Amino acid sequence: MNHETMPTEPASTLDHATTDSDPALLPDRPSLFIRRRRLEAHIATLYTSLRSSRHPPDQSVLEHVNVAKRQLDRNCIDEGWHAVFAAHRAEIPDMRDDERQGRGRILLAEAKSGKLGPWRGEVVKDLVGDVGQTAPTEVALKLAMEVRDEALENDYRKFAYLRSHLGRIASVIVAALITIFVVMRLDGSSPLRLTDAGNAAAIAYVLLFGVLGGAVSAVRPVGGKGTRLPELMETSTAGLARPLIGAASALAIVAFVQSSFLGIQLTEETRSAGTLALAFAAGFSERLVMRSLEEITKRVGGGKAGTGDGQGS
């Protein structure tokens, strides 16, 4: 056994307390720090179990644990848990019937809780069978654990992707706010005191407020609990274009208002704030621009246009 890669001290009591049920049971939305602490404690527990075993450790189990430790040292938490899951599946051939039966009960409880989703839960139930009567076979237990582990890993991939998405959108928002401040400093104006809607500073404010609206819109949840990872990635990627679309929409809606086609009249007191509010709203929802276009088409066409599928949506 490679003792050089094993921790020389056991994990703390708190760490062991987090893994006293099934090793692969993880919280729904843990922070990266908590996941790292759990992984560290779990690897230490596995090494301790391998040392205290009366039989020589299975080399495949030991190799998976060593891989998990190396990934932990590299701060690759997802890859570390992947290796831990593989280590537990590699333990199955050496399990007694009562051990497989106990693991089957845990898997069945997870499936019934809805944690694994509808179809994965049904697959696990079918594979495990009636664990109260007989223990699941090695093959069935391994397949059930693979299905469960895949569900957990996909959940954490979603969380990681969402964190990355929110980080990118937050960067856009911060950049837009900084740019607004820079324009204020260079032009000596305030976005709430626009004196000329056609000057460069006013146009810059309109575009930036449209970017802010699009960015805030992109922060909204991009996927629910049942959203598949490819769908989440597609929606999130499309959301990254919202700030640019928001800038164009803001410029368009302000032009519509200035043209008086929409019948919106802004007073001298409300012109600046109203213009920026419309720019933000247009960036936040492209439907505002579409409805404005329908209204303009309706006015120009004498009420004959604007009756398509988009009207009233």
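For this structure, a couple of remarks:
- Residue check for ALA160: among the hydrophobic types (A, V, I, L, M, F, W, C) and surrounded by 17 or more Cβ atoms within 10 Å (Cβ to Cβ): no
- Pairing each residue of segment 275-295 that is at negative phi and in contact (Cβ under 8 Å) with a residue 24 or more places away in the chain with any residue that is buried (at least 21 other Cβ atoms within 10 Å of the Cβ) and among the aromatic types (Phe, Trp, Tyr), provided the two are 6+ apart or on different chains, yields C-beta distances under 6 Å for LEU276/PHE209; ALA279/PHE209; PHE280/PHE209.
- Residue in segment 224-245 that is at pLDDT 75 or above, over 30 Å from ALA160 (Cα atoms) and touching a Ser or Thr at 6+ places or on another chain (Cβ under 8 Å) present: no
- Subset of segment 65-116 that is within 23 Å of LEU32 (Cα to Cα) and small (Gly, Ala, Ser) - its residue that is surrounded by the most Cβ atoms within 10 Å (Cβ to Cβ): ALA68
- Residue match in segment 125-136 (condition: basic (Lys, Arg), within 22 Å of GLY80 (Cα to Cα), modelled with pLDDT of 85 or more and more than 27 Å from the chain's Cα centre (by Cα)): no
- Positions within segment 141-184 being over 18 Å from the mean Cα position of the chain (by Cα), touching a residue at least 24 places away in the same chain (Cβ under 8 Å) and farther than 30 Å from ASP130 by Cβ, in sequence order: ILE173, ALA176, LEU177, THR179, ILE180, VAL183
- Restricting attention to segment 68-82, the residues that are under 10 Å from ILE43 (Cα atoms) and of a type in the set (A, V, I, L, M) total 2.
- Among (1) in a helix (DSSP H, G or I); (2) at pLDDT below 75, the one test that ALA255 misses: (2)
The values are calculated or read from the model by the stated rules, or taken from the named source; none is laboratory data. Given the structure is predicted, the values throughout are model-derived calculations rather than measurements. For neighbour counting, all protein chains shown are included, and Cβ atoms are generated from backbone atoms with ideal geometry for every residue, glycine included.
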